[in-house]
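Peer 1: Once you've had a glance at the structure underneath, I'll fire off some questions.
The values are calculated or read from the model by the stated rules, or taken from the named source; none is laboratory data. If you're wondering where the values come from, they're calculated on a predicted model, not measured in any experiment. Every residue, glycine among them, receives a Cβ derived from its backbone with ideal geometry; neighbour counts consider all protein chains shown.
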Amino acid sequence: MNENLCHCEWDLIVVGYGAAGAAAAVEAHDLGARVLILEKMPEGGGNSAVSGGGFIVPNDAEHANEYLAATFAFAHDEMDPETVRVFARDSMHLKDFLSRLEPEAEFAVWGYANYPHLPHADCITKYTVKGPDTGGVNLFNLLDRAVKRRGIEVRYRTPAKTLVRENGRVCGVTVESNGKEVRLDARCGVVLCCGGYEYDPASLQRFAQGHSIGGLGCPGNTGDGLRMAQALGAKLWHMTAYSCPLGFRLPGHEAMCLIMMRTPGYIWVNQRGKRFVNECGIDFHSALYAVNAFNPSNHNYDAIPCYLILDERARQKGPITHALFGYLGIKEKVTLSPDWSKEVAAGAIYKADSIEALAEQIGLDPDTLAATVERWNGDVRDGCDTEFARPMKRDLKAKETMAGLSSLTLSETIEEGPYYAVPLYPALLNTQGGPKRNARAQVLDMNDLAIDGLYSAGELGSIWGTVYQGSSNVAECLVFGRIAAREACARLTDCAV
Ligand SMILES: Cc1cc2nc3c(=O)[nH]c(=O)nc-3n(C[C@H](O)[C@H](O)[C@H](O)COP(=O)(O)OP(=O)(O)OC[C@H]3O[C@@H](n4cnc5c(N)ncnc54)[C@H](O)[C@@H]3O)c2cc1C
């Protein structure tokens, strides 16, 4: 053992201070545990604080269980029925949990089921915490106040490096502190809440189909928990599952900017200058899967990047995107210019007086792009997308998956120059994969047996697969953070010294 190691005793160590870590710490503290939170960044929040902060609250546990289980069936994904059942049951009480932490908390409806045609979709409502900021900030600030009121210690700039296991049981971590390796012991175990691997290019290359995949969230999420759990033989799951819309890059920034269109007058084209999908028909979280098909004929990912094509009317609607959340806007305070001039000058958006000149700037065949735009315009005038059946108008009877963001008109022509193109890349909200957990938030080994003393919650080894019901990631942070704490703290009396 390293001679620099020193000992410090806690009941529970929580690695990562986002929503999952905060929920675990508060619950464990309230059960009488002495809790330490380790956070590698200078401040807490992780992805949670820059997220939309939406969380689902079903109104019927059985119906939610059936609905959520059906989302796994779409993509034939690995599902642990007991884990989903427990999630469906406990997520019903999330508003009560937050209200217990702060009785004056208020909630707003944020949307409804993402797959309304599935049985029992009506039982799903998404909520956010009301407040002066974006949903994720409001939620994390509420949790952070609860942590502070309890006097729970958070050590910032203190990344956990390895898990310590003795006599078959996880009993602490080593951390890097002031350039030294230090061992911290925890009698009841360790809860890994340290997020996904959005900012670990090596893990993305290993597990994700596609390339040039970036992140919208916290740059601290570099897959540390994945490696720590793997080192102890954890089984992995959901490694091909990603919650990943499209976004664009602003030079000089690691985090990407999310694209959420303000205008119906746009199309996406691939590197062959052709549309490849109903742009409005994709669930927002699943856009990666629309662009990451490898073309075996030309040995290329034809749609990474793909290009958003718009016209002057679109530009006049204001900034290029509803960039309401994400690390770029919330932590780095980057704003987008209303007239797009800043982004054009920075090379993030291309601008030209004709479609053909635009095509040349981005390296597409001018005649093909012009023909694609002409066909689109003709289809819109005729009221029918003959290529991908993109609707002209939103179905007003359908409940919105994200309240207030979709416009009534879904399709408009692109015909008033100048014209604009934005190179779009996959932009992760979060990775879902990681160490498999069970309904008791225990991390499992290759034989599906619990690794003694090791728990996880949140995005690291999320319970969700390829097809994702929006706002279930934040919900699982709160549900499994609390379960992990209760399971670990069941050992408080056994472990007393
Ligand atoms: C822009 C955006 C919008 C989103 N909107 C929603 C939404 O509305 N609803 C929803 O359900 N989901 C949403 N998501 C996804 C959701 O935010 C995440 O799944 C969730 O917040 C993950 O929470 P967490 O607590 O597991 O991890 P995080 O909140 O990411 O926290 C992990 C923390 O661990 C720290 N860490 C990493 N490694 C170490 C280490 N070795 N030692 C110590 N600390 C470490 C990180 O720095 C980070 O602070 C969104 C994501 C983004 C980026």
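Peer 1: How many of the residues making up segment 416-470 are surrounded by fewer than 24 Cβ atoms within 10 Å (Cβ to Cβ), in the same structural domain as Asp80 (by TED's automatic domain parsing) and not in a strand (DSSP E or B)?
Peer 2: 11
Peer 1: Among the listed residues Val191, Val173, which satisfies the condition of being more than 20 Å from Cys218 (Cα to Cα), among the β-branched types (Val, Ile, Thr), within 11 Å of the ligand (Cβ to nearest atom) and buried (at least 21 other Cβ atoms within 10 Å of the Cβ)?
Peer 2: Matching residue, one of Val191, Val173: Val173.
Peer 1: Only residues that are outside any helix (DSSP H, G or I) and either surrounded by 15 or more Cβ atoms within 10 Å (Cβ to Cβ) or touching a Phe, Trp or Tyr at 6+ places or on another chain (Cβ under 9 Å) (or both): list them for segment 121-149, please.
Peer 2: Of everything in segment 121-149, those that are outside any helix (DSSP H, G or I) and either surrounded by 15 or more Cβ atoms within 10 Å (Cβ to Cβ) or touching a Phe, Trp or Tyr at 6+ places or on another chain (Cβ under 9 Å) (or both) turn out to be Ile124, Thr125, Lys126, Tyr127, Thr128, Val129, Lys130, Gly131, Asp133, Thr134.
Peer 1: Sticking with this one: Considering only segment 44-74, state which residues are part of a loop (DSSP other than H, G, I, E, B) and either buried (at least 21 other Cβ atoms within 10 Å of the Cβ) or within 19 Å of the chain's Cα centre (by Cα) (or both).
Peer 2: Across segment 44-74, the qualifying residues are Gly44, Gly45, Ser51, Gly52, Gly53, Gly54, Val57, Pro58.
Peer 1: Against the definition (under 29 Å from His238 (Cβ atoms), surrounded by fewer than 17 Cβ atoms within 10 Å (Cβ to Cβ) and of a type in the set (Asp, Glu)), how does Glu106 come out, yes or no?
Peer 2: no
Peer 1: Any residue at all in segment 48-55 that is within 11 Å of the ligand (Cβ to nearest atom) and more than 26 Å from Arg155 (Cα to Cα)?
Peer 2: Yes.
Peer 1: So, one more: Take Tyr156 and tell me if it is out of contact with any Cys (no Cβ under 7 Å at 6 or more places or on another chain) and in contact (Cβ under 8 Å) with a residue 60 or more places away in the chain.
Peer 2: In short, yes.
Peer 1: Hey, could you check segment 451-473 for residues that are under 25 Å from Phe284 (Cβ atoms) and in contact with a Leu (Cβ under 7 Å, 6 or more places away or on another chain) and say which is farthest from the ligand (Cβ to nearest atom)?
Peer 2: Looking at residues that are under 25 Å from Phe284 (Cβ atoms) and in contact with a Leu (Cβ under 7 Å, 6 or more places away or on another chain), I get Gln469.
Peer 1: Another question, if that's okay. For segment 323-365, please list each of the helices (runs of 4 or more DSSP H) lying entirely inside it that holds at least 2 residues being within 24 Å of Leu429 (Cβ to Cβ).
Peer 2: Of the helices (runs of 4 or more DSSP H) lying wholly inside segment 323-365, those with at least 2 residues that are within 24 Å of Leu429 (Cβ to Cβ) span 327-330.
Peer 1: Turning to a different aspect of this structure: Please go through segment 316-347 and give me each residue that is of a type in the set (Asp, Glu) and surrounded by 19 or more Cβ atoms within 10 Å (Cβ to Cβ), ordered by number.
Peer 2: Glu343
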